Amino acid sequence: MAKQEDLQHIDALLEELRVIEPPDEFRRNAIVNDPEIYARAEDDPEAFWAEQAGKLRWSRPWDTVMEWKPPWVKWFLGGRLNVSVNCLDVHVEAHPDRVAYYWEGEPGDRRTITYRELYEEVCRFANALKGMGVAKGDRVAMYLGMVPELPVAMLACARIGATHSVVFGGFAAEALRDRINDAEAKVVVTGDGAWRRGSIVALKENADAAVEQCPSIEHVVVVRRTGQEVAWSSGRDVWYHDAVDGQEATCPAEEMDAEDPLYILYTSGTTGKPKGILHTTGGYLTGVATTHRLVFDIHPETDVYWCAADVGWVTGHSYIVYGPLANGTTSIMYEGAPDFPDKERWWSIVERYKATILYTAPTAIRTFMKWGHEYPARHDLSSLRLLGSVGEPINPEAWMWYFEYVGGGRCPVVDTWWQTETGAIMITPLPGITRLKPGSATRPFPGIAADVFDEEGWPVGAGKGGYLVLRRPWPSQFRTIYGDPDRYVQNYFSRFGADVYLAGDGARRDEDGYFWLLGRIDDVMNVAGHRLSTYEIESALVDHPAVAESAVVSRPDPVVGEAIVAFVTLKSEIHGDEALIVELREHVATKIGKIARPHSIVLTDDLPKTRSGKIMRRLLRDVAHGRDLGDVTTLANAEVVTTIRSLSAERKDDE
Ligand code: WT7
């Protein structure tokens, strides 16, 4: 007789066999409806990308499409352009009154911003930044919630050639401080606060605490959003509304080299120090504009597109700001939580603006699933024609739920794999031509050479797992780690040689050549779509005076994907209790941000170590997953495992 587990296994296999064809109507009107695009791009990738780049406005054409000195690459050499001109001026000339953003605040306030209005606001703030002494090449940090002033500030930097560094508003003061200092930013743009689930995130307070230890900061620009009293440092601080008041609504755009920096965005790596991913101008814009148009099948006159990510992450940079604006898209931008004031918020937004495209993360989809399909069912979602997913592997159940209950069974779902480093989508369906398999990101985008390698660097056969790699450069590729070129080489281009980009993900390819992403293969975790390093959290824990040692691992979680489990040993004189556990969790929240707060903390007298003294994370992972531990006799302290096991069984979860 079949056991329960076997049945589940068979279910999973059956799910993988499900294939969903592009609906006829979708295919007929799709921008890409000829699979020949793959062969054309493969034949001559440089020509393919040059054709795409040619759709942008250049003030000087490039001389050379690509120059590759592995691992270093440059695109569109000699070409000159300005990103803000492509995102604004081009559209102001053609359709000034088209809406760029329908913005909705969490409390329910709304703003409609046309391309002309956005252009004028960007110019005013660009002039204000210049007035503060910001010049081409200077860095400007941003620490804001989801308010229109965030894209405005980014585009203002792009207009004058300054490099922006957006820090997610959920990060704590220390995380902000480290990022500002690494980039040596001159100005930070923040807010008095941000709305989140009805309460105020104290942005200004955090920014003040950070800036106290940031010698490079000359000015703090403050957007008034939540309205409460904030501390003020006169001379240094300036209200955003005062800064733009009386400024000219035009501002000459700095002519940038294709390879000039556009922005730095910090992301977690395998060490405690976040990496400043550097993106440049011409290649990046080509990559995001092309993928946005073709993956989301953008018809700018009629589509209302909603990417429900936060601008503080790369998804927001590429698919709320630069890609959509370059394509003259009308977007929705929503400030707050999905369950404020109730669990229907998203669906009432889709209905109100008649959204045609929705792009979100599996963790959000699984949360909606948990809440129940009655919430989307209460709203008219018939305007939707395409759905997207990003940030982590999407399990077939969540995929099918999204397809059925949000998409009404008529919208293709594009599962898009990419990273902060890749700048743009790399593995994805093209919705008018790709047969979808729930749970698979399907195929590399045209021109992208993705592969799966074994330990030795040989492509693995169908059905086998291995390391996901990219075998040739692409225009939106990051150019380096800011201030740390060695780490760029070491981290990404040493495992399989300088001409092979190591993504850090595991993957499997099936007999149709479809890619199935298997999650990270390094010490990077993906918690609710947020990228965190185990080491970063361990450092935050060890920083607490009571902690001697810590080891952080993750365990699978039905909603957030990976939940954080911390094993902690205390200094000998300290007695651990519930109160201390609460304190440790809060300590991590103050050091990094709430997103990094461990879901469970297990206090233990010792951690399992090899004879050479290395903490056995693999074993702790097995404990956290509740798996069989196998042979532990090679450990220096085998007996500790039994203790840890019983301890972690006692404390399943404290959420
Ligand atoms: C990591 C990159 C790309 C924007 C958001 C995250 C995971 C991302 C998928 C997907 C499976 C995915 C990978 C990747 N990831 N998209 N569709 N299927 N995994 O950007 O913070 O740089 O994280 O997110 O593990 O390496 P990021």
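The values are calculated or read from the model by the stated rules, or taken from the named source; none is laboratory data. Fair warning: this is a prediction, and the values are worked out from it, not measured in the lab. Cβ sites come from the backbone with ideal geometry, for glycine too, and all protein chains shown count toward neighbours.
For region 180-203, does any single residue satisfy the condition of being in contact (Cβ under 8 Å) with a residue 60 or more places away in the chain, buried (at least 24 other Cβ atoms within 10 Å of the Cβ) and either among the charged types (D, E, K, R) or outside the structural domain of residue 228 (by TED's automatic domain parsing) (or both)?
Within region 180-203, not a single residue is in contact (Cβ under 8 Å) with a residue 60 or more places away in the chain, buried (at least 24 other Cβ atoms within 10 Å of the Cβ) and either among the charged types (D, E, K, R) or outside the structural domain of residue 228 (by TED's automatic domain parsing) (or both).
Assuming residue 302 fulfils every condition listed in (1) within 22 Å of the chain's Cα centre (by Cα); (2) more than 16 Å from the ligand (Cβ to nearest atom); (3) part of a loop (DSSP other than H, G, I, E, B) apart from one, which condition is it?
(1)
I'm told residue 564 meets every condition in (1) away from the ligand (no atom under 16 Å from the Cβ); (2) at pLDDT 95 or above; (3) of a type outside the set (Gly, Ala, Ser) except one. Can you identify the failing condition by its number?
Failed condition: (1).
Where residues in region 288-299 are more than 16 Å from the chain's Cα centre (by Cα) and among the β-branched types (Val, Ile, Thr), which of them is farthest from the ligand (Cβ to nearest atom)?
Looking at the filtered set, the residue picked out is 298.
Kindly indicate whether residue 285 is within 16 Å of the ligand (Cβ to nearest atom) and touching a residue at least 24 places away in the same chain (Cβ under 8 Å).
no
Those residues that are aliphatic (A, V, I, L, M) and within 14 Å of the ligand (Cβ to nearest atom), I need them from region 248-277; list them, please.
The answer is 264, 265, 277.
State which residue is nearest to the ligand (Cβ to nearest atom) when the search covers only region 514-531 and only residues that are closer than 12 Å to residue 441 by Cβ and in a strand (DSSP E or B).
The residue in question is 517.
Looking only at region 393-437, which residues are crowded, with 21+ Cβ neighbours inside 10 Å and more than 16 Å from the ligand (Cβ to nearest atom)?
Residues satisfying the conditions are 406, 411, 432.
Could you tell me which of the residues 42, 46 is in the same structural domain as residue 285 (by TED's automatic domain parsing), in a helix (DSSP H, G or I) and without any contact (Cβ under 8 Å) to a residue 24 or more places away in the chain?
Criteria check complete, one pass: 46.
Test residue 377 against the stated conditions and say whether it is under 23 Å from residue 291 (Cα atoms), in contact with a helix residue (DSSP H, G or I) (Cβ under 9 Å, 6 or more places away or on another chain) and among the aliphatic types (A, V, I, L, M).
Working: under 23 Å from residue 291 (Cα atoms): no; in contact with a helix residue (DSSP H, G or I) (Cβ under 9 Å, 6 or more places away or on another chain): yes; among the aliphatic types (A, V, I, L, M): yes.
Criteria not met by residue 377.
Just give me the residues in region 491-513 being under 23 Å from the mean Cα position of the chain (by Cα) and assigned to a loop (DSSP other than H, G, I, E, B), in sequence order.
Within region 491-513, 493, 500 qualify.
Quick one: which of 185, 210, 141 is on the phi < 0 side of the Ramachandran plot, part of a strand (DSSP E or B) and among the small types (Gly, Ala, Ser)?
141
Considering only residues that are outside any loop (DSSP other than H, G, I, E, B) and buried (at least 22 other Cβ atoms within 10 Å of the Cβ), look in region 348-362 and name the one that is nearest to the chain's Cα centre (by Cα).
That would be 360.
Would you pick out the residues in region 551-601 that are under 27 Å from the mean Cα position of the chain (by Cα), part of a strand (DSSP E or B) and not aliphatic (A, V, I, L, M)?
Residues satisfying the conditions are 554, 555, 556, 557, 561, 562, 593, 600.
Run residue 309 past the list (1) assigned to a loop (DSSP other than H, G, I, E, B); (2) under 17 Å from residue 32 (Cα atoms) and report the number of the one that doesn't hold.
Looking at each condition in turn, residue 309 falls short on (2).
Could you list all residues from region 375-392 that are more than 17 Å from residue 303 (Cβ to Cβ) and away from the ligand (no atom under 16 Å from the Cβ)?
Result: 375, 376, 377, 378, 379, 380.
Consider region 24-40. How many of its residues are surrounded by 14 or more Cβ atoms within 10 Å (Cβ to Cβ), charged (D, E, K, R) and either in contact with a Lys or Arg (Cβ under 8 Å, 6 or more places away or on another chain) or within 10 Å of residue 432 (Cβ to Cβ) (or both)?
1
Take the residues of region 126-155 that are more than 22 Å from the chain's Cα centre (by Cα) and hydrophobic (A, V, I, L, M, F, W, C): which is surrounded by the fewest Cβ atoms within 10 Å (Cβ to Cβ)?
Applying the filter and picking the extreme gives 135.
So if I check each of 559, 602, which one is closer than 30 Å to residue 636 by Cα, among the aliphatic types (A, V, I, L, M) and not assigned by TED's automatic domain parsing to the domain that holds residue 265?
602
Tell me which strands (runs of 3 or more DSSP E) are completely within region 382-490 and hold 2 or more residues being touching an Asp or Glu at 6+ places or on another chain (Cβ under 8 Å), at pLDDT 95 or above and not assigned by TED's automatic domain parsing to the domain that holds residue 43, or say none if there are none.
The qualifying strands (runs of 3 or more DSSP E) are 465-470.
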